[in-house]
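Working notes, structure below.
The values are calculated or read from the model by the stated rules, or taken from the named source; none is laboratory data. None of the values given here were measured: they were computed from a predicted structure. We place every Cβ from the backbone using ideal geometry, glycine too, and count neighbours over all the protein chains shown. When the accessible area is computed, the model is the full protein with side chains, heavy atoms only, and any ligands, DNA or RNA have been set aside. Shrake-Rupley method; radii C 1.70, N 1.55, O 1.52, S 1.80 Å.
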Amino acid sequence: MTDRIETWPGRPYPLGATYDGTGTNFSLFSEVAEQVELCLFDDEGGETPVVLDEVDAYVWHAHLPGVGPGQRYGYRVHGPWDPSAGLRCNPSKLLLDPYAKAIAGEVDWAQPCFGYTFDAEDSRNDEDSAPHVPKSVVHNPYFDWGNDRPPGTPLHESVIYEVHVKGFTVRHPDIPEALRGTYAGLGHPVAVDYLASLGVTAVELLPVHQFVHDAHLLDRGLRNYWGYNSIGFFAPHNGYASRDGGEQVQEFRAMVRALHEAGIEVILDVVYNHTAEGNHLGPVLSFKGIDNHAYYRLVPDDPRHYYDTTGTGNSLNVRHPRSLQLIMDSLRYWVTEMHVDGFRFDLAATLARQFHEVDRLSAFFDLIQQDPVVSQVKLIAEPWDVGDGGYQVGNFPPVWSEWNGKYRDTVRDFWRGEPATLPELGARLTGSSDLYESDSRRPVASINFVTAHDGFTLADLVSYNDKHNEANGEDNRDGESYNRSWNCGVEGSTDDPDVLTWRRRQQRNFLTTLFLSQGVPMLLGGDELGRGQQGNNNAYCQDNELSWYDWDHVDRQLLELTRRLISLRKEHPVFRRRRWFQGRPIRGTVDIGWFRPDGEEMDDEDWESGFARSVAVFLNGGAIPDRDDRGRRITDDWFLVILNAHDEPIDWVLPHDRVRHWDVVLDTTLNLPEDGEVPGDKPLTVGGRATVVLRWQEKAPAAR
């Protein structure tokens, strides 16, 4: 580019690049800048700099008439460079717009990407980084949403499916090849129909904010598959777009619209706790060169270094108003302009660190609470980070739900036969009132899961006692070593029919427990298909067939069971109550009961018994305190769920003499006939490590 660019003063707000139909307003915050250059790039990489002369409240801005969608750009910030004081301005580094709605290209990790030379940490490197880093792209804000409306599924009716955009679609034979691995692929009728037939109400997408593939992974021939390495909080990751040049914005919107048409919500896994710029030895890509003090937490008495509670090298400075504004503007943008339905916050405890300690009344949570847009969507916290005091399960504010790590651990321990698990299992099955009830939250505060992207898949949970992460190139040192798993007798692959029988049964036990627990179930995508990762419990860098869904080898029986369980949950409100169980007579009827194998109710001594590994829970559908949208009291059938984690079968005396016959809903041993009956007055043999679900179909008298 050599032609002179016409510029008008423009406006300081909104931040970022905003196309209005005639031109684009560019706006960038930097308190430390002495001069800011907006750099426009043509298709051949030619650069035209435009000095931004207008500054209001540390916001540098200009309006460029005639500049529109597809225009690539970046910033060069002139200012102090003194790493020992935490100042890292260097105009030789082309910087991404923190508010860029689309980004093109990748980091190639050449020396110019860094502010220092590799042989001298204290040196200043003035090599031009522009040929080696991605560019921001002006996007087209206009999109035909048609009649799109958020499904608005209540949390207690939600079933969340954690899924990877690329992994789900890249090997699907019925999705057009050009769309595999993309937003368009996930929005394709084949993908949407599958999700709808499964019965899930929401997809929780692993990170789709623009992210960076780590240099150390590329050096080993690997890539950042999970995407927890964000660099653009407004831009859909360009690697998941079927077309380049800013088209990923429209493609993402079309995916959301297609999922909404099927009644499926879209929840984003978001990473606002750190960025891809890493620590003091990391690259200069955006925030670090724009205003290092404002965007990152620096060590107070040594601002050369970064305060790190994420294990990634840096932590976003949520104490600074501009960082808080960035996060809130990003969240509102994804709701209002991209129509997403909620967020799952990675390492959310970091966002609560207003000073050093985790403070649930920090400024970030105050802003969320009062925001009229963000406070109304689904908010899910991963309630821990790697800093001191970072494990905060049960401690988030009332509008939040949380990944319930204690649910995962307890259910795993119970089914692998650990002693003394019954008391905590009872709490987890009923919504974890011990964690959430005291601050007025309800069972939906608990996002229940047995497996997630981080850790074993369900198939591997029952096939491996130990992690096998050798493919990650870190000598199997990475990943969690304590997995609470059980390989059923053989480590890894086997043809032993007995071992395979146990493994299939254990998978059925886990799924049944998950979907019949109070709270909100989250299913790891692919678990219903029998997807495994060869024992790799940290496949963050495995962007290959180890992680991708294998649609040619599907466990049809497991898939059908998953569909049945989700359907059972949807059909019976007794499994998705909005309020807590009381465990005592309410208006003459008891809502829940716990029984031992002889048919007698559990007492304190039974709960405290360390060797007991079997329990039955009675759920009274006639004692649900909830009402429907028209104010009518909700009633349901009676259910008896028997969980036996002993190796051997147990004869159960069924409680409730008035029930002459129980209907068999399911038996994870597959021995009892589906839709059959069992007499209520005779002992029922429940297989070893098995779950039996029984129902009395006659309506119980409703409480008045």
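Computed quantities for the displayed model
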{"item": "Test: residue in segment 302-309 that is open to solvent by less than 10 Å² (accessible area, probe 1.4 Å) and in contact (Cβ under 8 Å) with a residue 40 or more places away in the chain", "result": "yes"}
{"item": "Boolean, Tyr75 is within 28 Å of Phe252 (Cβ to Cβ) and not in a loop (DSSP other than H, G, I, E, B)", "result": "yes"}
{"item": "Set Asp647, Asp591, Asp603: member being among the charged types (D, E, K, R), under 24 Å from Trp502 (Cβ atoms) and more than 32 Å from the chain's Cα centre (by Cα)", "result": "Asp647"}
{"item": "Subset tally (residues that are touching a strand residue (DSSP E or B) at 6+ places or on another chain (Cβ under 8 Å) and of a type in the set (Asp, Glu)) for segment 93-128", "result": "1"}
{"item": "Qualifying residue in segment 152-169 (condition: open to solvent by 50 Å² or more (accessible area, probe 1.4 Å) and basic (Lys, Arg))", "result": "no"}
{"item": "Candidate set: segment 231-270, residues that are in contact with a helix residue (DSSP H, G or I) (Cβ under 8 Å, 6 or more places away or on another chain) and polar (S, T, N, Q); chosen: the one surrounded by the fewest Cβ atoms within 10 Å (Cβ to Cβ)", "result": "Ser242"}
{"item": "Residue in segment 421-434 that is in contact (Cβ under 8 Å) with a residue 40 or more places away in the chain, open to solvent by less than 50 Å² (accessible area, probe 1.4 Å) and more than 23 Å from Phe639 (Cα to Cα) present", "result": "no"}
{"item": "Near pairs, Cβ below 7 angstrom, 6+ apart or cross-chain, from segment 364-378 (modelled with pLDDT of 95 or more) to any residue that is in a helix (DSSP H, G or I) and open to solvent by 30 Å² or more (accessible area, probe 1.4 Å)", "result": "Val373/Arg332; Val373/Thr336; Val374/Arg332; Ser375/Gln369; Lys378/Leu155"}
{"item": "One residue from His139, His156 being out of contact with any Ser or Thr (no Cβ under 7 Å at 6 or more places or on another chain) and not in a helix (DSSP H, G or I)", "result": "His139"}
{"item": "Flag for Val554 being over 22 Å from the mean Cα position of the chain (by Cα) and over 30 Å from Leu435 (Cβ atoms)", "result": "yes"}
{"item": "Qualifying residue in segment 119-131 (condition: at pLDDT 95 or above, part of a strand (DSSP E or B) and open to solvent by less than 40 Å² (accessible area, probe 1.4 Å))", "result": "no"}
{"item": "Exclusive hit being at pLDDT 95 or above, open to solvent by 40 Å² or more (accessible area, probe 1.4 Å) and of a type in the set (D, E, K, R), set Glu34, Glu44", "result": "Glu34"}
{"item": "Wholly within segment 405-445, helices (runs of 4 or more DSSP H) carrying at least 1 residues that are closer than 13 Å to Trp580 by Cα", "result": "422-429, 433-436"}
{"item": "Matching residues, segment 314-331, being open to solvent by 10 Å² or more (accessible area, probe 1.4 Å) and either within 18 Å of Gln210 (Cβ to Cβ) or assigned to a strand (DSSP E or B) (or both)", "result": "Asp329"}
{"item": "Residue pairs meeting the criteria (Cβ under 6 Å; at least 6 apart or on separate chains; first more than 12 Å from Gly599 (Cα to Cα) and modelled with pLDDT of 95 or more, in segment 649-662; second open to solvent by 50 Å² or more (accessible area, probe 1.4 Å) and not in a loop (DSSP other than H, G, I, E, B))", "result": "Pro649/Thr685"}
{"item": "Failed criterion for Gly489 (all others in (1) more than 21 Å from Lys166 (Cβ to Cβ); (2) in contact with a Lys or Arg (Cβ under 7 Å, 6 or more places away or on another chain); (3) not β-branched (Val, Ile, Thr) hold)", "result": "(2)"}
{"item": "Among (1) part of a helix (DSSP H, G or I); (2) aliphatic (A, V, I, L, M); (3) open to solvent by 30 Å² or more (accessible area, probe 1.4 Å) - the single one Leu281 does not satisfy", "result": "(1)"}
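So that you can scan it fast, the table gives a plain yes or no per residue for (1) in contact (Cβ under 8 Å) with a residue 60 or more places away in the chain; (2) surrounded by fewer than 20 Cβ atoms within 10 Å (Cβ to Cβ):
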position	(1), (2)
Ala539	yes, no
His553	no, yes
Leu568	yes, yes
Glu571	no, yes
Asp604	no, yes
Trp607	yes, yes
